[in-house]
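One structure below.
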Amino acid sequence: MSLVQTFFNAEVMRSCLPGLLRGLVNTLLLSLMSIVAGIIVGLAVSILRLYAPKLIRLLAIAYIDLFRAMPMLVVLILIYYALPFLGIRLSSWTSAVLAFSLVMSAYSAEVFRAGIEGVAAGQFEAAAALGLPFPLTLRLVVLPQAIRAIIPPMTGNCVSMFKDTSLASTVALPELLNEATNAQALYANPSPLIMAAIVYVLFLWPMVRLVSVLENRSQAKGAR
Amino acid sequence: MTPALPPDVDPGNAGRTTGPIIQIENLNKWFGKLHVLNNINLDVAQGERIVICGPSGSGKSTLIRCINSLEKHQQGRITVDGVRLDDKLRNIDQVRREVGMVFQHFNLFPHLTILQNLTLAPIWVRKVPKKQAEEEATRYLERVKIAEQTHKYPGQLSGGQQQRVAIARSLCMNPKIMLFDEPTSSLDPETIREVLDVMVGLARDGMTMIVVTHEMGFAREVADRVVFMDAGEIVEIAAPATFFDHPQADRTRQFLSQILGR
């Protein structure tokens, strides 16, 4: 069997394609849900981390540190394989979205915090002097400026999240990698894995490029 | 039935037009161990124009920042238009709605257009309908002679233009009192005049103003009283003619000789 026959077997690739596409759709769904939930929770946590009373602030710091220190795979395995011993049985979808959102929210919280802290103190003061209550100041004055500043690192986080959804294959969630490994086992041929890798790269390469462009642009802006 | 009044607002004092509109009594403030405001007493009458000057670090900016609670004081009493400034958020909000402030570095909102900078607080704080807020904003922009820039962003304007926009932004809230914290200190010399002209116009219209500035010409032209501060204390308060021509304290004389070069 030639190398091409082994790794780029056309017949295997053709027959596993529908499965891989289904997997891709699930990967996209999983990423989207985890990213959206993670960003929303992350924003809330970052605001608690910055402005809540001391006890809650410490809890927010603990939350952020915990989920940044724990490997994503460990969080996922704990939720899927350990929680059942407490009588909490979650589906692979729920487990994966929960695990990824928790981790995503911890990273997002730090990015939001940096963005908010980067907004000049004078902006808070001008808003306060105009009589804007603090929540409105955050919403109308501070966050719009902070979000502009954090688009590059946040896009980077999203790329990582998209890649890390492949971990969900360990809890039998039929995402792209899971479909590929199943197909590989079925056809006893690694071509589906190669295809999955190519699909990941095709999806993520433009994103990675975008992150670089955004980073360069914001650096150029900072230098001005 | 008597209308419900906030318990700490004296109904006889709220919104009154006689007597001091700002009362500062025995005000003390520390930054850590540094005593930045030392037993300050100052009453400001409605319509009065006060210029505060003094060497840097004398506490003059801190003093006016206490008047709208951007800085918290630790001792003493500040009453603005009958409302006592304490820890009650409602009182702070009420005072801030009555008191406009112009900053050294303008602090315009860079992500909003000039028009949006002006209408933000009226729409969200005073609940003015958008169209009406925009009409009022346009009127104030005409008054500070920036009407043609309404749809630009602050970054596209010169420093003097930005500061005039900042003044207009404060005026849109219809404040009874305007605080100016070194409004011309970060401007190019050629644009200082355009900002001072706007401030002189405001003074002519009877606005109560407290201005921290090194522009002694402005003080002479506009101020009812000049307050000289040094090391956190009020050293001398006098009408401009007396202040400049017959200063009483040695520290005042020294300061004036440095700043006026005589």
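The values are calculated or read from the model by the stated rules, or taken from the named source; none is laboratory data. This structure is a prediction, so every number in the text was calculated from the model and none was measured. Here the Cβ is made from the backbone with ideal geometry for all residues, glycine too, and neighbour counts use every protein chain on show. Note: accessible area is taken over every heavy atom of the protein model, side chains too, but ligands, DNA and RNA are not part of it. Shrake-Rupley method; radii C 1.70, N 1.55, O 1.52, S 1.80 Å.
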Unmet requirement for A:P18, which otherwise passes all of (1) free of Cβ contacts under 8 Å to residues at least 40 places away in the same chain; (2) surrounded by 15 or more Cβ atoms within 10 Å (Cβ to Cβ): (2)
When the residues of segment B:173-197 are filtered to those that are within 14 Å of the chain's Cα centre (by Cα) and open to solvent by 20 Å² or more (accessible area, probe 1.4 Å), which remaining residue is nearest to B:R139 (Cα to Cα)? B:N174
Could you list, in sequence order, all residues of segment B:74-104 that are closer than 29 Å to B:S186 by Cα, surrounded by fewer than 22 Cβ atoms within 10 Å (Cβ to Cβ) and not hydrophobic (A, V, I, L, M, F, W, C)? B:D93, B:R97, B:E98, B:Q104
Identify all residues within segment B:137-158 that are open to solvent by 20 Å² or more (accessible area, probe 1.4 Å), within 23 Å of the chain's Cα centre (by Cα) and away from chain A (no Cβ under 14 Å); write none if there are none. B:T138, B:R139, B:E142, B:R143, B:K145, B:S158
Those residues that are exposed (fewer than 12 other Cβ atoms within 10 Å of the Cβ) and of a type in the set (D, E, K, R), I need them from segment A:187-217; list them, please. A:R209
Restricting attention to segment B:207-222, report how many residues are open to solvent by 10 Å² or more (accessible area, probe 1.4 Å) and within 14 Å of the chain's Cα centre (by Cα). 1
With criteria (1) at pLDDT below 95; (2) within 20 Å of A:F134 (Cβ to Cβ); (3) open to solvent by less than 70 Å² (accessible area, probe 1.4 Å), B:N107 comes up short on (1)
Can you name the condition, by its number, that A:I61 falls short on among (1) modelled with pLDDT under 95; (2) open to solvent by 40 Å² or more (accessible area, probe 1.4 Å); (3) in contact with a helix residue (DSSP H, G or I) (Cβ under 7 Å, 6 or more places away or on another chain); (4) not hydroxyl-bearing (S, T, Y)? (1)
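Check every one of the strands (runs of 3 or more DSSP E) wholly within segment B:182-262 and list those with 1 or more residues that are without any contact (Cβ under 8 Å) to a residue 60 or more places away in the chain and on the phi < 0 side of the Ramachandran plot.
B:233-238
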May I ask you to verify whether A:G87 is on the phi > 0 side of the Ramachandran plot and either surrounded by 17 or more Cβ atoms within 10 Å (Cβ to Cβ) or of a type outside the set (A, V, I, L, M) (or both)? yes
Given the conditions (1) modelled with pLDDT under 95; (2) over 28 Å from A:P152 (Cβ atoms), every one holds for A:I56 apart from (1)
Hey, does segment B:8-22 have a residue that's at pLDDT 95 or above, open to solvent by 10 Å² or more (accessible area, probe 1.4 Å) and within 23 Å of B:V125 (Cα to Cα)? no
Mind counting the residues in segment A:129-182 that are part of a helix (DSSP H, G or I), away from chain B (no Cβ under 14 Å), touching a Leu at 6+ places or on another chain (Cβ under 7 Å) and open to solvent by less than 20 Å² (accessible area, probe 1.4 Å)? 7
Test result for A:L32, open to solvent by 70 Å² or more (accessible area, probe 1.4 Å), under 15 Å from the mean Cα position of the chain (by Cα) and either hydrophobic (A, V, I, L, M, F, W, C) or modelled with pLDDT of 95 or more (or both): yes
Lone qualifier among B:I92, B:I114 - being at pLDDT 95 or above and more than 27 Å from B:D230 (Cβ to Cβ): B:I114
Per the list (1) more than 13 Å from every other protein chain (Cβ to nearest Cβ); (2) not in a loop (DSSP other than H, G, I, E, B), residue check on B:V165 breaks on (1)
Residue ranges of helices (runs of 4 or more DSSP H) in segment B:28-136 with at least 3 members within 10 Å of another protein chain (Cβ to nearest Cβ) and more than 30 Å from B:S158 (Cβ to Cβ): B:89-98
I'd like the full set of residues that are more than 13 Å from every other protein chain (Cβ to nearest Cβ) and open to solvent by less than 20 Å² (accessible area, probe 1.4 Å), limited to segment A:116-128. A:I116
